[in-house]
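The values are calculated or read from the model by the stated rules, or taken from the named source; none is laboratory data. Note that the structure is predicted; figures quoted are calculated from it, not measured. Glycine also receives a Cβ, built like all others from the backbone with ideal geometry; neighbour counts cover every protein chain displayed. What goes into the accessible areas is simple: the full protein's heavy atoms, side chains included, and nothing from ligands, DNA or RNA. Shrake-Rupley method; radii C 1.70, N 1.55, O 1.52, S 1.80 Å.
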Amino acid sequence: MAISTVEFQQLNRLFEQHTGISLGKNKADIVASRLASRLRAKRCPSFSKYYRLLMTPEGKDELQVFIDKLTTHETYFFREQAQFEFLYHYYQHNRPRHSPIRAWSAACSSGEEAYSLAMILDDLFYNRPWHVIGTDISEMSVLMARDARYAISTVGKIPKRYRIRYCMKGTGKNADNFTLISTLKKQCSFQEDNLLKLTTVDFSFDVIFLRNVLIYFDKSKQQAILNNIIKRLNHGGLLFLGHSEAMRDKPACLQTLSPCIYKKVTL
């Protein structure tokens with residue numbers, strides 16, 4: 001089903017209102033493709049009718065589905081592996097004195113990044129308290145992260161020593177999946193939140209992964225998100241951005257350790 005310019009603009013404004021993300025005009029076909037199944041499910045003959053449904057009290061649950069459909073969820077275990085290796089080697093030589101050690105996977109999607117962080121922290125600090133928090137604007141992503149069930153075809157991204165130590169292959173109807181050991185999952189929690197107006201994250205972190213997120217926002221919203229993130233980064237804490245997200249106007253409180261890796265320093 002084709003989407004008109006007016007229909008795309010209506011849905012785009014609604015999406016931006018709830019996520020802060022504005023989709024470019026070149027995304028119209030992608031929006032139409034991702035929402036086509038929802039129009040069929042809700043028996044809406046047009047995108048205009050679907051938009052009107054989303055604007056009603058009865059469309060509240062569908063609004064979350066709408067956000068889930070248009071939110072990008074591309075992720076996998078140990079994505080941009082060099083950054084995880086940097087984190088591991090950094091903490092081998094610079095161990096925090098305080099406890100617990102906390103890491104935050106901001107925009108965690110279905111949890112692979114958060115659990116990758118958890119494996120690193122458990123390996124380094126197995127005899128000390130640590131915790132990983134994952135947040136995402138998508139309710140569906142948060143539920144998937146909590147479930148922690150992944151296709152067995154993706155396990156190869158996990159270093160072999162961690163596959164042996166932390167991964168469990170499913171059986172029966174779950175034979176094509178794997179999960180993580182319970183002791184690892186217990187140290188990870190997931191919740192919905194919006195990076196532009198955080199409501200659930202009320203303490204500070206030693207490590208924050210904010211990767212492949214800023215590219216979806218305009219400059220003013222990027223700055224607002226960074227301000228929210230930096231407030232919650234401990235002095236001496238590490239901030240990781242995606243490889244395409246190097247800061248042009250780096251705050252004075254951040255010291256560059258490696259491309260897209262920063263340390264919060266005392267001014």
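Set side by side, the residues 187, 223, 191 differ, and just one is without any contact (Cβ under 8 Å) to a residue 60 or more places away in the chain and either over 18 Å from residue 239 (Cβ atoms) or surrounded by 19 or more Cβ atoms within 10 Å (Cβ to Cβ) (or both), which is 191. Looking across segment 121-152 at every residue that is modelled with pLDDT of 95 or more and hydroxyl-bearing (Ser, Thr, Tyr), the one that is nearest to residue 192 (Cα to Cα) is identified as 135.
Step by step: first the residues of segment 211-220, then only those that are part of a loop (DSSP other than H, G, I, E, B) and in contact with a strand residue (DSSP E or B) (Cβ under 8 Å, 6 or more places away or on another chain), then the one that is surrounded by the most Cβ atoms within 10 Å (Cβ to Cβ). Which residue is that? The qualifying residue surrounded by the most Cβ atoms within 10 Å (Cβ to Cβ) is 211.
With respect to the stated conditions, residue 203 fails to be in a strand (DSSP E or B), under 26 Å from residue 138 (Cα atoms) and either of a type in the set (A, V, I, L, M, F, W, C) or open to solvent by less than 60 Å² (accessible area, probe 1.4 Å) (or both).
Is it the case that segment 17-30 has a residue that's buried (at least 17 other Cβ atoms within 10 Å of the Cβ) and over 20 Å from the mean Cα position of the chain (by Cα)? The answer is yes, given that some residue of segment 17-30 is buried (at least 17 other Cβ atoms within 10 Å of the Cβ) and over 20 Å from the mean Cα position of the chain (by Cα). Kindly evaluate residue 114 against the criterion of being small (Gly, Ala, Ser), part of a helix (DSSP H, G or I), surrounded by 14 or more Cβ atoms within 10 Å (Cβ to Cβ) and in contact with a strand residue (DSSP E or B) (Cβ under 7 Å, 6 or more places away or on another chain). Criteria met by residue 114. Only one entry in 86, 66, 125 is more than 16 Å from residue 212 (Cα to Cα), touching a residue at least 12 places away in the same chain (Cβ under 8 Å) and open to solvent by 50 Å² or more (accessible area, probe 1.4 Å), namely 86. Scanning segment 226-267 for residues being open to solvent by 30 Å² or more (accessible area, probe 1.4 Å), outside any loop (DSSP other than H, G, I, E, B), in contact with a Phe, Trp or Tyr (Cβ under 8 Å, 6 or more places away or on another chain) and of a type outside the set (Val, Ile, Thr) gives a total of 4.
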